[in-house]
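Below is one structure; the comments refer to it alone.
All of the numbers you see were taken from the coordinates with simple rules; none came from a lab. A quick note: this is a predicted structure, and the numbers were derived from the prediction, not measured. Don't worry about glycine lacking a Cβ; one is built from the backbone with ideal geometry, like all the others, and counts go over all protein chains shown.
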Amino acid sequence: MYRIDVEYPLTFARLALEKGANHFLVVSSMNANQQSLFWYSRMKADLEEQLKKIPYAKISILQPALLLGKRKEFRLGERMAGIVFQRLLSPNKSSFLNKWAIEAKAVATAMYRIAQKDTSGIEIYGSEQIQAIAEQGLDR
């Protein structure tokens, strides 16, 4: 898992920079934290910290909540959580439950819109910001 979630994105980021890319976007996790008790959260934090050391003009890190949507592989825990959140999520986007799950399509839309922004530096987008960008456009 570390190879897929950390080593591959870092290798891709370095290769893309060598080929002239100036902006790198990555999907991390809303719980990325090097001090976390959970290995997955520490791993995502490790990815973020190592990415920040690569000299891109712009790095955009998206930290979505649980991703909802269809997957090729079956993940029981995610499937159960997804069913619960899909039933409980309010159409009112201010619902506190919306902080815990987001459609993968919304993340993809936000990534596309963020890629169009003319900014520089390191930007980190939380799940609520991602949802807002997907719904409204570029303004955060």
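The trypsin sites (Lys or Arg not before Pro) of the stretch 1-60 meeting both criteria, a DSSP state outside H, G, I, E and B (loop) and at most 10 other C-beta atoms within 10 angstrom of the site's C-beta, are Lys19, Lys53. Ordered by the number of other Cβ atoms lying within 10 Å of each residue's own Cβ, fewest first, Ser29, Ser120 fall into the sequence Ser120, Ser29. Ranked for footprinting exposure by Cβ neighbours inside 10 Å, fewest first, Leu15, Leu51 give Leu15, Leu51.
With the cut-off at under 17 Å, measuring from each backbone N in the stretch 40-64 to a point 7 Å along the Cα-to-Cβ line of Leu10 picks out 40-56.
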